[in-house]
Every structure is written in structure tokens, then in C-alpha cells.
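To start, the structure itself, in C-alpha cells.
The values are calculated or read from the model by the stated rules, or taken from the named source; none is laboratory data. This is a predicted model, so every value here is computed, not measured. With ideal geometry, Cβ positions are generated from the backbone for all residues, glycine too; neighbour counts draw on all protein chains shown. Surface accessibility is based on the protein's heavy atoms, side chains included, excluding ligands, DNA and RNA. Shrake-Rupley method; radii C 1.70, N 1.55, O 1.52, S 1.80 Å.
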Amino acid sequence: MGAAAGTGTGEPGSGQRERFISLLKAEGRHSILEIGAGLGVDGLRFVRAGIHYTGVDPSEENVHLARSKGLDVSVASARQLPFADGTFPAVWAMNRVQHIPAGDIDGVLRELVRVTAPGAPIAVGLWSDENEERIRQVFGRHGAVEDFVSWQEAAGAESGPGAGIWAQHYEFVILRTPSWPGA
């Protein structure tokens, strides 16, 4: 898709989440794993859209708060997920991967692909100062980059990690897992 403007909602990726929900419905995918469930904001949106939701978060406090909203969330790290190979027909990792050091990103992407069904979409959002070509290269080692949207950091304390000071972009990538294991 190439570079595009942000969502315009003030919440990085909320427009992308709605697009992803539409993609899941169009493909008949009725279940999702969220990496970095946080307080359950995205989880509730998936549930309201009729998608079975499972979430993980490394914070016990976040898990407790998300569970209090009725969400199925457990404590786990994106580096070592407690699920069998190919368990989920889709993965949503909108704000967790950005906290992974650059040297660990391949391992995390391998783990996301491992728990995702062959041919399934994985949506990842992250703040980055890398160029599009480099991000496509990193993600492309783990599947096909099906969609790539980038928008400039806005000004304001709530807009991103640099609050209008850093030269950051928010990157949204849909990675399509290989159609067969080991591909």
C-alpha cells in the first residue's frame, strides 16, 4: 500500500485496527491473538466485532485490568508464547513489538509466525526511525509484507515517544505468514 497518512483519531493505529477487522471478516477469520493486550482497549474492539479474542501481556497489572473487562488475557512474553504451532488465524501486535530491542526482532517475529496459521495475517505496529526498505527487509525474512503504512509523528505529548522532537514514524505492517511451514 505504501506510505499513507495517519488515522486522524489521535490513537496511533485505530484506523488500521478497523481495516484489519474488515480483512479478518472478509477472510472468515474469527479468532485473534493480541501481543501486548495492555488495558484491553483493542481486545474489546475485536470482541465487539464478533472475533474470539486471546491476549497476552508481560504486565500482571495489565492482565488483571484486561481480565476485569471480561477478556481472555494471560501473562506471557512475545519472545516465548505459551501456544502450540499454528494456533491462531491472525495476530495483532500493535504496540508491543516497539519495546523489543532491534537485535531481538527476528526472534519475536519467528515466534509470532510460529503460533500463527499458515497463510494468516500478522499486524504489527511500531515506532521506528528506520526507512521503509529496511523494515520491509526485516519483516520479509518471515513472510510476505502485504501492507505497509507509515505516518509521521505528530506534535504533542501524547503523539509518540519523541513528543514531536524525534524523527520517528509510526509503521503499520501486515505480514502474511508463509503458506506452509519452513517456507
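Name the single residue that is nearest to Leu23 (Cα to Cα) among those in the stretch 60-77 being touching a Leu at 6+ places or on another chain (Cβ under 9 Å) and either among the basic types (Lys, Arg) or open to solvent by 10 Å² or more (accessible area, probe 1.4 Å) (or both).
My answer is Leu71.
Identify all residues within the stretch 81-118 that are loosely packed, with under 14 Cβ neighbours inside 10 Å and either touching a helix residue (DSSP H, G or I) at 6+ places or on another chain (Cβ under 7 Å) or of a type in the set (Val, Ile, Thr) (or both); write none if there are none.
Scanning the stretch 81-118 gives a single hit, Asp85.
Could you look through the stretch 42-76, keep only residues that are more than 14 Å from the chain's Cα centre (by Cα) and among the hydroxyl-bearing types (Ser, Thr, Tyr), and pick out the one that is nearest to Pro121 (Cα to Cα)?
Ser74
Could you check, for the stretch 96-103, whether at least one of its residues is of a type in the set (Lys, Arg) and either without any contact (Cβ under 8 Å) to a residue 24 or more places away in the chain or touching a His at 6+ places or on another chain (Cβ under 6 Å) (or both)?
No: the stretch 96-103 contains no residue that is of a type in the set (Lys, Arg) and either without any contact (Cβ under 8 Å) to a residue 24 or more places away in the chain or touching a His at 6+ places or on another chain (Cβ under 6 Å) (or both).
Go through the stretch 47-63 and count every residue that is assigned to a helix (DSSP H, G or I) and of a type outside the set (D, E, K, R).
Adding up the residues that qualify gives 3.
Within the stretch 152-175, take every residue that is buried (at least 19 other Cβ atoms within 10 Å of the Cβ) and not in a loop (DSSP other than H, G, I, E, B) and give me the one that is modelled with the lowest pLDDT.
Out of the qualifying residues, it is His169.
With (1) under 20 Å from Ala37 (Cβ atoms); (2) modelled with pLDDT of 95 or more as the list, and His99 as the residue in question, which single condition is left unmet?
(2)
Restricted to the stretch 18-41, and to residues that are outside any loop (DSSP other than H, G, I, E, B) and open to solvent by 20 Å² or more (accessible area, probe 1.4 Å), which residue is farthest from Pro121 (Cα to Cα)?
Applying the filter and picking the extreme gives Val41.
Checking Leu126 against (1) over 20 Å from Gly86 (Cβ atoms); (2) touching a helix residue (DSSP H, G or I) at 6+ places or on another chain (Cβ under 9 Å); (3) at pLDDT 85 or above, which test does it fail?
Tallying (1) over 20 Å from Gly86 (Cβ atoms); (2) touching a helix residue (DSSP H, G or I) at 6+ places or on another chain (Cβ under 9 Å); (3) at pLDDT 85 or above, Leu126 fails exactly one: (3).
Being modelled with pLDDT under 95 and not aliphatic (A, V, I, L, M) is the filter here, so list the residues in the stretch 60-79 that pass it.
Ser77, Arg79
Does the stretch 64-73 contain any residue that is outside any helix (DSSP H, G or I), small (Gly, Ala, Ser) and touching a residue at least 40 places away in the same chain (Cβ under 8 Å)?
No, the stretch 64-73 contains no residue that is outside any helix (DSSP H, G or I), small (Gly, Ala, Ser) and touching a residue at least 40 places away in the same chain (Cβ under 8 Å).
Given the conditions (1) outside any strand (DSSP E or B); (2) in contact with a Phe, Trp or Tyr (Cβ under 9 Å, 6 or more places away or on another chain); (3) modelled with pLDDT of 95 or more; (4) surrounded by 17 or more Cβ atoms within 10 Å (Cβ to Cβ), report the number of the one that Leu44 does not fulfil.
Leu44 satisfies every listed condition except (4).
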